[in-house]
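Everything on this sheet refers to the single structure shown next.
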Amino acid sequence: FEESELQIRYRTERIQQLRDTQTRAREDVKRKRQCLEEMMVHNVCVRNLLERNHAREVLNNPIHREALNRSSSVEEDAKIPLPFLIVNTDSSAEVQFDMCSRKTNVSFECSLPFEVNDDNAILKKLGMDHTSRGVLQRLLPPDMFYYLSSKGLLDGITRTRR
């Protein structure tokens, strides 16, 4: 039997629609994978910061201080609270800063260009975005750890520190 030109055109258009759908689905998966990687890095950063802050609290507790090794890497007054933003600008810039009494809204004006970094960016710069596979295996549900590991999503946060 012969296909009509209309049937051929329909089939061609349908194939193109399916290819477009497949392309969109792949882009969606790629975007979601990047989002999951970012969330994992953020989770590791926050966990490492919490451990660091806890170590400082223990270090400052007189009962525990004697039991701790004096070579602790956590220095006095080095506890970092969350969340935070760091604004960088030239030292000659004039900066006006206002915060509401509930500390929920902040506004500032700057006379020169500036750069804003959130806690996640700073924690990465401090090297808190890495951990061991063993720690991740203890923290994550087994199925999630297996999935993330098999897809290479843990590689960026479990590499050895430089």
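Here is how the numbers come out for the structure above:
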read-out	value
Among residues of the range 1-32, those that are of a type in the set (Asp, Glu) and open to solvent by less than 90 Å² (accessible area, probe 1.4 Å), counted	3
Identity of the residue in the range 142-162, in a loop (DSSP other than H, G, I, E, B) and more than 18 Å from Lys30 (Cα to Cα), that ends up modelled with the highest pLDDT	Arg159
Checklist (1) farther than 16 Å from Glu37 by Cα; (2) at pLDDT below 90 applied to Leu112, failing item	(2)
Residue match in the range 89-106 (condition: open to solvent by less than 70 Å² (accessible area, probe 1.4 Å) and in a strand (DSSP E or B))	yes
Residue selected from the range 122-155 under the condition small (Gly, Ala, Ser) and loosely packed, with under 14 Cβ neighbours inside 10 Å, by the criterion nearest to Val46 (Cα to Cα)	Gly127
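The values are calculated or read from the model by the stated rules, or taken from the named source; none is laboratory data. Note that the coordinates shown come from a computational prediction; the quantities given were computed from them, not determined experimentally. Cβ coordinates were reconstructed from backbone atoms using ideal geometry, including for glycine residues, and neighbour counts include every protein chain displayed. Ligands, DNA and RNA are excluded from the accessible area calculation, which covers all protein heavy atoms including side chains. Shrake-Rupley method; radii C 1.70, N 1.55, O 1.52, S 1.80 Å.
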